[in-house]
């Protein structure tokens, strides 16, 4: 296998989350942006296998740069387990060689994992708190923001003001309650906090759902920039156009097997990709073999 940077291992997460094993044979999509390698692992002890091989009834993918999955195949369970909102019965999830199963969320963050949750109002923000309180909620215990019993308010103000400008959050001031913002600006608050922490791995779960076009384009650009700078990104999206736009290349899986590999997504459309996702088309073994990295 090639040298894999910031690798995340998904170990039979669909079945272990209580999803019937048969569901693991439904359509799954993995997109790789700037990828260096592909690894597939199964239940029990993780092991590397050939691309597209099904192991233990479940085939999942870990990527070194960016992965994308479409909706309805256990993605919610997967995201919940990656951020300790749910616990698998067995198997393992590792980030940079460290198991994060049952790890407290603050320690998961310490390992370089950030989450843009699907439900921003429930899991992404404290709606009665200010913009400032929300954007520093994951870092208030850093030494630069407090000195024992007292917060360094000058540093906190500077940090929040910088993020408001950098992430184009339209607001009256840093002291404005987040619930008073538009949906797009609320999402920008979440994205500002999660991306500015310089994560090793970003889990972006429906990052542009229900927001305006301007905010959508801005957030997509920020995710691409993060990936280009070396972070791994797991993108969960119901928007196939978003998956295509944010990926340089795409791997399509059906029935636990890799059925297509598109090395360049610029000429790919959602209709063509959908035919492979539904099992209506399969590429030749020679075409699929291009996904394997030595």
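Report the Cα centroid-to-centroid distance between the range 228-264 and the range 99-132 in angstrom, as an integer.
Using only Cα atoms to place each centre, the spacing works out to 24 Å.
May I ask you to derive the FRET efficiency for residue 145 and residue 89 from their Cβ-Cβ distance with R0 = 45 Å, giving the value to the nearest 0.05?
0.70
What is the Cα radius of gyration of the range 78-166 over 2.2 N^0.38 Å, N being its residue count?
So the Cα radius of gyration is 1.28 times the expected 2.2 N^0.38 Å.
Provide the gained length on full extension for the span residue 229 to residue 263, in nm with one decimal, where the gain is 0.36 nm per separating residue minus the Cα-Cα distance.
Gain in length upon complete extension: 10.2 nm.
Ordered by packing density, taken as the mean number of other Cβ atoms within 10 Å over each peptide's residues, highest first, how do 279-291, 220-232 rank?
Result, highest mean first: 220-232, 279-291.
Modelling each spin label as a point 7 Å along the Cα-to-Cβ direction, I'd like the residue 281/residue 99 distance in nm, to one decimal.
Placing both labels 7 Å beyond Cα along the Cβ direction yields 4.3 nm.
Take the eigenvalues of the Cα gyration tensor for the range 127-197, scale each by 5, and report the square roots as semi-axes in whole Å, largest first.
Largest first, the range 127-197 gives 21, 12, 10 Å.
Show me 158-166, 143-151 ranked by packing, highest mean number of other Cβ atoms within 10 Å first.
The peptides rank, most packed first, as 158-166, 143-151.
Could you line up 272, 265 from fewest to most neighbouring Cβ atoms inside 10 Å?
With the fewest neighbours first, 272, 265 line up as 272, 265.
Rule-based calculations on the coordinates, nothing more; no lab input. None of these values were measured; they are calculated from a predicted model. As a convention, Cβ positions derive from the backbone with ideal geometry for all residues, glycine included, and neighbour counts pool all protein chains shown.
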